Amino acid sequence: MFETFRLAGAVPAILHRAALMAFLLLGSGPLQAARPLLTDDAAVVPPGACQLEAWGERPRGATILWLNPGCNPSTATEVSLGFGWLKPEESEAIPLRRLQIKHLLVEGGERSVGFALALGSEWAPTHDFRERFLNAIATIPLAGEVERVHLNLGFSSSREAARRFQASTWAAAFERALGARRVALEVHGTSGERAGWQLGFAHEVLPGRLQLDASLGSRFGRLRESRAITLGLVWLSAPDRP
């Protein structure tokens, strides 16, 4: 789920980790996993509402673009389908896809912990790669809606040609609201890989409807080799009304 995309033979091996470290499952929440977080939150968009997330990532040696629409057709389940394009500096663009279903198990509040479960798949249509993942999510309020902690624990199983890989994943994020702005610091990791960090910033241009965001992250001790910058926006539709 985090930094496990491999694409054998698709791009030079030196680009695999750096260029694809940001290919992950951004989950979905009130503003799509409170983007720009990598760590998912225990929330879904309001019933009958849809959101569109668009962002660009600039890891070293490549550019990645994403469009990720998602909707909540029921009361507690959100479905999203992402369309991505990876463009290494010296190779042709590679299409990426991501399907996720997230179900809200317990709705959190200003004084109560929220729980959710997400499952999905990531793949490259033009290459023999597919990954499936399962992620348990908790959101813990520290100071109502002003300060929150998000915790993730997951498992992924991927196939690359004839080879198969399995890994456990984890992530933790601290998020603080500053009026219409949010800042977040998080750490995340995959078994067998060096852990990473990310600092994110978001600003609601139209409260509850339009957000602009950015992030900077890398693996610990590997800033020069694995640095990744993202810039994006999130648009949330008005929910259906009876």
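Since every read-out is calculated from the coordinates, none of them should be taken as a lab result. Being a predicted model, the structure only gives us computed values, none of them experimental. So basically every Cβ, Gly included, is an ideal-geometry build from the backbone, and we count neighbours across all protein chains shown.
Within 12 Å, Cβ to Cβ, of Val44, how many net charges do the neighbouring residues add up to if Lys/Arg are +1 and Asp/Glu are -1? Combined, the nearby Lys, Arg, Asp and Glu give -3.
Assuming 0.36 nm per residue, please report the length gained on full extension of the stretch Ala162 to Trp85 beyond their Cα-Cα distance. Working shown, then result.
Details: separation 77, 0.36 × 77 = 27.72 nm, distance 2.40 nm.
Extending this stretch completely gives an extra 25.3 nm.
Electrostatic tally near Arg97: other residues with Cβ closer than 12 Å to its Cβ, Lys and Arg +1, Asp and Glu -1, net 0. Of the residues Arg148, Arg194, the one with the fewest other Cβ atoms within 10 Å heads the list, and the complete ranking is Arg194, Arg148.
Rounded to the nearest Hz, the phi-derived 3J(HN,Hα) couplings of the range 99-105 under the Karplus curve 6.51 cos²θ - 1.76 cosθ + 1.60 (θ = phi - 60°) are 10, 9, 10, 10, 10, 7, 7, where x marks glycine and proline.
Estimated at 0.36 nm per residue, the fully extended path between Thr126 and Ala54 surpasses their Cα-Cα distance by 23.7 nm. Sorted fewest first by neighbouring Cβ atoms within 10 angstrom, Asp128, Asp213, Asp40 come out as Asp128, Asp213, Asp40.
Around Ala143, with a cut-off of 15 angstrom between Cβ atoms, what is the net charge of the other residues, counting Lys and Arg +1 and Asp and Glu -1? Could the numbers behind the result be given before it?
Working: positive: Arg111, Arg148, Arg176, Arg182; negative: Glu110, Glu145, Glu147, Glu175.
Local charge sum for Ala143: 0.
As a proxy for reagent exposure, ranking Leu178, Leu117 by other Cβ atoms within 10 Å from fewest up yields Leu178, Leu117. Here the 3J(HN,Hα) profile of the range 173-185, calculated from phi with Karplus coefficients 6.51, -1.76 and 1.60 at θ = phi - 60°, is 9, 10, 10, 10, 8, 10, x, 7, 10, 9, 10, 8, 10 Hz, Gly and Pro shown as x.
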